[in-house]
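All remarks here apply to the structure that follows.
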Amino acid sequence: MTQPWWHNPGDSRWAIFVRLSLAFVFVLEGYQKLILPDVLGAGRFAKIGIPLPELMGPLVGVVELACGLLILAGLFARVAALPLIVIMLVAIISTKVPILLGHDFLLFRVRNLDRYGFLSMTHETRTDFAMLMESIFILLAGPGRWSLDARRWRP
């Protein structure tokens, strides 16, 4: 009997490097949103224009921390990648699109930079884009052979 695709952890041994990179960023960023709420959590979300910053700051911090730990372990990694994809899309739309346009966009405020436009936006979005692509990789390819998911679904 074949397994559904989301049960297959993938065969790559090297997916662990993508998982380590994702976990490093999301665990530390989530933790910092919780311990430094004025700088990286609710305070930053309010400056950007994220609705309900007092709720969304800690919520995003907990989700980043929890999903980062799951991806590190390779446990429910495909499921854990989904909220991280959403978080990265919101981060790009809320902080990078205003830089591209050079003015506020929808609810989101542009921050003061030396320059705006496409090149400035691509420079500012490099980490967000890498985290988005790595999250999509884990969703589609799985956490790899060296993961708890691989042990769970082993025939």
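Just so it is clear, none of the values below were taken in a lab; they were calculated from the coordinates. Not measured: the values here are computed from a predicted model. Heads up, the Cβs are rebuilt from the backbone with ideal geometry, glycines too, and the neighbour counts pull from every protein chain shown.
Report the charge-dipole magnitude of segment 11-148 in Debye, nearest 20, computed about the Cα centre from +1 at each Lys and Arg Cβ and -1 at each Asp and Glu Cβ.
Rounded to the nearest 20 debye, it is 160 debye.
Among 126, 19, rank each residue by its count of other Cβ atoms within 10 Å, from fewest to most, as a rough exposure measure.
126, 19
What number comes out for the charge environment of residue 131, summing +1 per Lys or Arg and -1 per Asp or Glu over other residues with Cβ under 13 Å away?
It works out to a net charge of -1.
Taking the Cβ of residue 84 as the center, what net charge do the other residues with Cβ under 12 Å away carry, scoring Lys and Arg +1 and Asp and Glu -1?
Residues near residue 84 contribute -2 overall.
So what is the 222 nm mean residue ellipticity for the chain from helices alone, if each DSSP H run of at least 4 adds -39500 (n - 2.57) and you divide by all residues, rounding to the nearest 500 deg cm²/dmol?
Here the helix-only value at 222 nm equals -20000 deg cm²/dmol.
With the radius of gyration and the Kirkwood radius both derived from the Cα set of the chain, what is their ratio Rg to Rh?
Result for the chain is an Rg/Rh of 1.04.
Kindly state, to the nearest 0.05, the FRET efficiency for residue 75 paired with residue 133, given R0 = 30 Å and r defined as their beta-carbon distance.
Once the sixth-power term is evaluated, E becomes 0.90.
Determine the gain in length on full extension of the stretch residue 103-residue 36; use 0.36 nm per residue of separation and subtract their C-alpha separation, reporting nm with one decimal.
21.4 nm
If we count every other residue with Cβ under 12 angstrom of residue 32's Cβ, Lys/Arg +1 and Asp/Glu -1, where does the sum land?
After counting each charged neighbour, the total is -1.
Among 139, 101, 107, which comes first, second and so on when ranked by fewest other beta-carbon atoms within 10 Å?
Listed from fewest to most nearby Cβ atoms, that is 107, 101, 139.
Got a sec? How would 96, 47 order by Cβ neighbour count within 10 Å, fewest to most?
47, 96
Given the Cα-Cα distance of residue 17 and residue 82 and 0.36 nm per residue of separation, how much length would full extension add, in nm?
Computed gain between residue 17 and residue 82 is 21.5 nm.
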